[in-house]
Amino acid sequence: MSAQSSVESDPQPTAVREPVLQAKGLVKRYGPVTAIASGDLELYPGEILAVIGDNGAGKTSLIKALCGAIVPDSGEILLDGRRVQFRSPMDARLAGIETVYQSLAVAPGLDIADNLFLGREERKPGLLGSVFRMLDKKHMRSEAERHMSELGIATLQNIGQAVESLSGGQRQGVAVARAAAFGSKVVILDEPTAALGVKEGNRVLQLIRDVRDRGLPVILISHNMPHVFEIADRIHIQRLGRRATVITPRSHSMSEAVAIMTGAAEPPPPVA
Amino acid sequence: MLGLRVTTATKSSFAEQRTVSPLERVQHVLHANPILGPLAVLVLAVLAFSLVSGRFLSAANLGLVLAQVTVIATLALGQTLIILTAGIDLSVGAIAVFSSILMANMATGLGVPGALALLIGFVLGIAMGALNGLLVTRLKLPPFIVTLGTLSIFFSLNSVISRSETVRGADMPAIMTWTGDTFGVGGFRITYGSIIMLLLFAVFFYALGNTAWGKHVYATGDDIEAARLAGIRTDRVLLSVYTVAGLIYAIGAWILMGRLASASPNVGVEYNLDSITAVVLGGTSLFGGRGLVLGTLVGALIVGVFRNGLQLGGVDVVWQGFAIGLLVLVAVAIDQWIRKVRA
């Protein structure tokens, strides 16, 4: 497990580097309610960017705009420097942005391999696939095992095991593995540790580091300050519908972050 | 072997160890192999009734049981698909009977050739199923309400078109009652309708287990929101399921005409609940996402074996319903228990 050491060899995002994903001046209003006043966000290659904010700070709306779940009224989203428009979560997925929703979006009755390939099943080559629509189960299973073990989720008892027979952390592992397997640009995780115990939460954190170390930048939305400070490279603080600032776990303490989040302290100028 | 025990953690695996009580073990086995319970009931029932009556295991009687369950099994197949999506179809009997009336009246009244009448009947069955599907997906009405409504509508149209008159099989082209003809295998007499029914089960056994459509049917019934977030067009899945079920019911109508050697507008009321009974006894969960079509076949056989065996044993017909009802309650209770399986 190389992930622990990678915390020290932390990538240093600098202003010179081009962001993988960038939001500029996103606005989203629902009638008189402003969900995002000015949504700005930059995600750099190889980093874990945590997004924190009080309830109603607009972090969920911001993330939803990035993963295609809502369409912003104005502003722009750039992926690898190119302007993109997402009309549905499927658009964002096709562009390489995978999201692990808080609700997990796994089908409990289906097995691990089925869930990994849910909605993107692969058919057998030739007539079996084209005429009889036969799934290439063998290939999907071996791919599923490869993805799971690449992420250090030591092969579970059986890749053909129903997801509902797994623990919360294991399920989260399946969801993260799916995102990592299919996300080519960005993985977005919404409260991945919220429903988990301490031990399982830590394992999921490890999983997130592994995803980052494989080269996929991660956006992590979390209320859990210790978790955020443990794994984030940078911390985006959202407040009152806009970005208050960006800090790092080294530049600020947890209580300072909370103070900025709640408006008790002046936000410092953003890093990188 | 069935994942009863979890291995010790290696690396960052999430595995943990825990001891498992024998009862939990049974629960896990049934959970992993939902066909086992219904099969055990069927085997026990066959053993018990063969002790009660020497005639039960005779080739003639077993052939009769198969012929008797063929219609219900076919309708229950369509019902299974819908229940797998966490829906329910109360209009199954109405669609089947109305389809048979339409087919028979086209052939006898309008002089449409038999094969064409069947084909048009299948298309009308598809249309009735699709109507259910559209109401469920477009108007977002609960399947229970939608099919309760269409049940009434189809039965009413059925009475109008048939003028409440039965069409005799002798008046129809031979192909329309061909499903009731038999052929011999050893001492057994098997109807062509039974063969069609078994072929349908084979097709959907394959489709549910080996195609993306099948996976999407399970995922939609399991957790529709999760399926949608995974990129599955759940409305399309639901519409396809109701439509395909309509076709299956219409094929069931053809088998029904063979079985009764007529097309009668006055049968079928009990088919709704009988088909649901077969599905539930077969281990498919009414909550969706869980179950197997083969279970439904076993469930239909359980109903057939019970009715037949109780009759051979001299039990009054009125008590048959009692026994079946008891079985259903036990089956649902066991399903609930299995669903509470611990991770």
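So the values come out like this:
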quantity	calculated
Of the criteria (1) in contact with a Cys (Cβ under 6 Å, 6 or more places away or on another chain); (2) more than 12 Å from chain B (Cβ to nearest Cβ); (3) not aliphatic (A, V, I, L, M), which one A:ASP73 fails	(1)
Those residues of segment A:194-210 which are more than 13 Å from chain B (Cβ to nearest Cβ) and either in contact (Cβ under 8 Å) with a residue 40 or more places away in the chain or in contact with a His (Cβ under 7 Å, 6 or more places away or on another chain) (or both), in sequence order	A:ALA194
Leading residue by the ranking (surrounded by the most Cβ atoms within 10 Å (Cβ to Cβ)) among those in segment B:283-294 that are among the aliphatic types (A, V, I, L, M) and in contact with a helix residue (DSSP H, G or I) (Cβ under 7 Å, 6 or more places away or on another chain)	B:VAL293
Single residue of B:GLY321, B:GLY309, B:GLY295, B:GLY258 found to be under 11 Å from the mean Cα position of the chain (by Cα), assigned to a helix (DSSP H, G or I), closer than 30 Å to B:THR179 by Cβ and not aliphatic (A, V, I, L, M)	B:GLY295
Count of residues meeting criterion [open to solvent by 10 Å² or more (accessible area, probe 1.4 Å) and at pLDDT below 90] in segment B:252-282	8
In segment B:54-104, the residues that are more than 23 Å from B:THR182 (Cβ to Cβ), in contact (Cβ under 8 Å) with a residue 60 or more places away in the chain and not in a helix (DSSP H, G or I)	B:THR85, B:ALA86, B:GLY87, B:ILE88, B:ASP89, B:LEU90, B:SER91
Segment B:127-145, residues that are hydrophobic (A, V, I, L, M, F, W, C) and within 19 Å of the chain's Cα centre (by Cα)	B:MET128, B:ALA130, B:PHE144
Out of B:GLY283, B:GLY288, sole residue that is in contact with a Pro (Cβ under 6 Å, 6 or more places away or on another chain), within 14 Å of another protein chain (Cβ to nearest Cβ) and either among the aliphatic types (A, V, I, L, M) or not in a helix (DSSP H, G or I) (or both)	B:GLY283
Test result for B:LEU239, open to solvent by less than 40 Å² (accessible area, probe 1.4 Å) and assigned to a helix (DSSP H, G or I)	no
Any pair with Cβ under 9 angstrom, 6 or more apart, that starts in segment A:100-124 at a residue that is more than 7 Å from chain B (Cβ to nearest Cβ) and in contact (Cβ under 8 Å) with a residue 60 or more places away in the chain and ends at one that is assigned to a loop (DSSP other than H, G, I, E, B) and polar (S, T, N, Q)	A:ILE112/A:ASN158; A:ILE112/A:GLN161
2 or more residues at pLDDT 90 or above, under 21 Å from the mean Cα position of the chain (by Cα) and buried (at least 16 other Cβ atoms within 10 Å of the Cβ): qualifying helices (runs of 4 or more DSSP H) within segment A:57-161	A:59-66, A:112-116
Qualifying residue in segment B:108-118 (condition: at pLDDT 95 or above and under 20 Å from B:GLU225 (Cα atoms))	no
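The values are calculated or read from the model by the stated rules, or taken from the named source; none is laboratory data. Keep in mind that what you see is a predicted model, and the values were worked out from it rather than measured. Glycine also receives a Cβ, built like all others from the backbone with ideal geometry; neighbour counts cover every protein chain displayed. We work out accessible area using only protein heavy atoms, side chains counted, and drop any ligands, DNA or RNA first. Shrake-Rupley method; radii C 1.70, N 1.55, O 1.52, S 1.80 Å.
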